[in-house]
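The structure under discussion appears below in the form of structure tokens.
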Amino acid sequence: MAITSQFGYHSTALEVVDGIELTGRNAFVTGGGSGIGIETVRALATAGAHVSVALRTPGQGESLLANLGSALESRITLIAMDLADLESVRAVSASYVEGGRPLHILINNAGVMATPQGATKQGYELQFGTNHLGHFVLTQGLLPALRASGGARVVALSSSAHRRSDVDLEDPNFAHRPYDKWASYGQSKTANALFAVELTKRYSADGIFANAVMPGGIMTGLQKHMPIEEQRAAGFIDDDGNPNAMFKNAAQGASTSTWAATGQELHNVGGLYLENCQEAGPMDPAKPFLGVMPYALDSAHAHNVWEMTESLLRP
């Protein structure tokens, strides 16, 4: 039976944490300086958690603190980190672990979408390298802190765009096939979902459970690589440039991530794909923005993608 909650499409992150007490708990959020990341941080800090916020752009920190307000500022630690540079990622995770604080909640929220073909500092395809490899390395580095919490949740931000592509085990970096920005993005989002499946399988005995989240359609900085004409053709905006009326605002978009991190319904539950604060069903071709493709939750495939990822990351 699918897991459900009292929350849904229109719920906000703050509504999800109403009545939840996170004082004494530590959270880590990537990409917490913009879009749904801000609202995720706001909700966790409001509930009492101390939140480490990883930001690629240092200037986002001041803006974030101003947005959150002085009442929450003492619960926030700002960290400079670039997911497209694995040296940066490893340094951040090592520093956190050396600090000795357990980590109860890790939300792998940051990402890039539909970028022109490019590469990370270590030479991996930019979207796969940032969205999947960067978060894979971060989570692996933070495992000692996650174990030390006595019960941790990892949230992997996926997308309905995972339907655009499975993970190509032979050529994830588009070295031998034509680059397609949406196939690349879809591949990375499928990898994020499979990561949650395999992480749970490998580390649930240590009290670590991971779930993937589809936040919903939201206008954020993710669309910056899409020309206006493409946004219009995709139905993101109308002819006058106004966002699709069915899109969520950032507070609503952060609700499912927040529920994945705090909802009692998900205690010791992992390997799921969540949307609108519910467990998603199979993808319906008639409703392309809802549901999950079978390959994104396949256990054997998740194992193979994990093994391929480790192979890619070996020196």
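The values are calculated or read from the model by the stated rules, or taken from the named source; none is laboratory data. These numbers come from a predicted model, not from an experiment. Neighbour counts run over all protein chains shown; Cβ positions are idealised from the backbone, glycine included.
Being free of Cβ contacts under 8 Å to residues at least 60 places away in the same chain and over 26 Å from Arg90 (Cα atoms) is the filter here; which residues of region 15-41 pass it?
Selection gives Asp18, Gly19, Glu21, Thr23.
Taking Val155 as the residue in question, decide whether it is assigned to a loop (DSSP other than H, G, I, E, B) and under 21 Å from Leu297 (Cβ atoms). So Val155 fails the test.
Condition check for Trp182 on (1) in a loop (DSSP other than H, G, I, E, B); (2) over 17 Å from the mean Cα position of the chain (by Cα): one failure, at (1). If the condition is being part of a strand (DSSP E or B) and more than 17 Å from the chain's Cα centre (by Cα), then region 257-292 contributes Pro282, Asp284, Lys287. Contact annotation: residue pairs with Cβ atoms under 6 Å, 6 or more positions apart or on different chains, pairing a residue in region 132-160 that is touching a residue at least 60 places away in the same chain (Cβ under 8 Å) with a partner that is aromatic (Phe, Trp, Tyr) and outside any helix (DSSP H, G or I), are Leu133/Tyr124; Arg153/Phe209; Ser160/Phe289. Check region 293-307 and report whether any residue there is farther than 21 Å from Leu106 by Cα, modelled with pLDDT of 95 or more, touching a helix residue (DSSP H, G or I) at 6+ places or on another chain (Cβ under 7 Å) and not in a helix (DSSP H, G or I). Checked region 293-307: at least one residue is farther than 21 Å from Leu106 by Cα, modelled with pLDDT of 95 or more, touching a helix residue (DSSP H, G or I) at 6+ places or on another chain (Cβ under 7 Å) and not in a helix (DSSP H, G or I). Suppose the filter is surrounded by 22 or more Cβ atoms within 10 Å (Cβ to Cβ), closer than 18 Å to Ile107 by Cβ and at pLDDT below 95; does Gly216 pass it? Judged against the criteria, Gly216 is a match.
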